[in-house]
Amino acid sequence: MRYASLDIGLKRIGIALSLDGKIALPQDAILRKNRVQAAKDVSLFLKEWEIDKLVVGVPLGGSSEEEMRRRIEHFVSLLEYDKEIVYQDEAGSSYEAKDLIKGVRRDKRDGKLDSIAAKIILERYLGC
């Protein structure tokens, strides 16, 4: 089974991939110019990799949980993807990702943070 995960942000969408259900690998983040373009790019990625299950990070708890979940679910509804979609708590994934790339030059990490957060979300789902 092939899995992908998304860390959906306002500027970028981090993506991670697992082809065996055991190892999650961060991919190049998708720059978000607008919702339609970003949804098209994500849909293309999911189709190219023949993804069986999509794991989407959502923030659980906190004052903005409902608003963020609504925005994320709306974006997911724009995807051309008809297989299983599950939501996974993303709490703290961005902080963990920041810790993992400490020491990397700022110009070398653009977009990597989002995809490493997506990798963490996928690892949580897979139980890695």
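Each reported figure results from applying straightforward, stated rules to the coordinates on display, with no laboratory input. Please read all numbers here as calculations on a predicted model, not as lab measurements. Positions of Cβ are backbone-derived with ideal geometry, glycine not excepted, and every protein chain shown enters the neighbour counts.
Taking 18 Å as the straight-line reach from the Cα of Lys11, the aspartates and glutamates in range (excluding those fewer than 8 positions away in the same chain) are Asp28, Asp41, Glu67, Glu73, Glu90, Asp107, Asp110, Asp114.
Once the Cβ-Cβ distance between Lys11 and Val86 is put in as r, and R0 is 22 Å, what FRET efficiency do you end up with, to the nearest 0.05? For R0 = 22 Å, the calculated efficiency reads 0.35. Packing-based ranking of 14-21, 2-9 yields 2-9, 14-21, ordered from highest to lowest mean Cβ neighbour count within 10 Å.
Going highest first, how would you order 64-75, 26-37 by mean Cβ packing within 10 Å? Walk me through the intermediate numbers first.
Details: 64-75: 13.6, 26-37: 15.3.
For the peptides 64-75, 26-37, the packing ranking is 26-37, 64-75.
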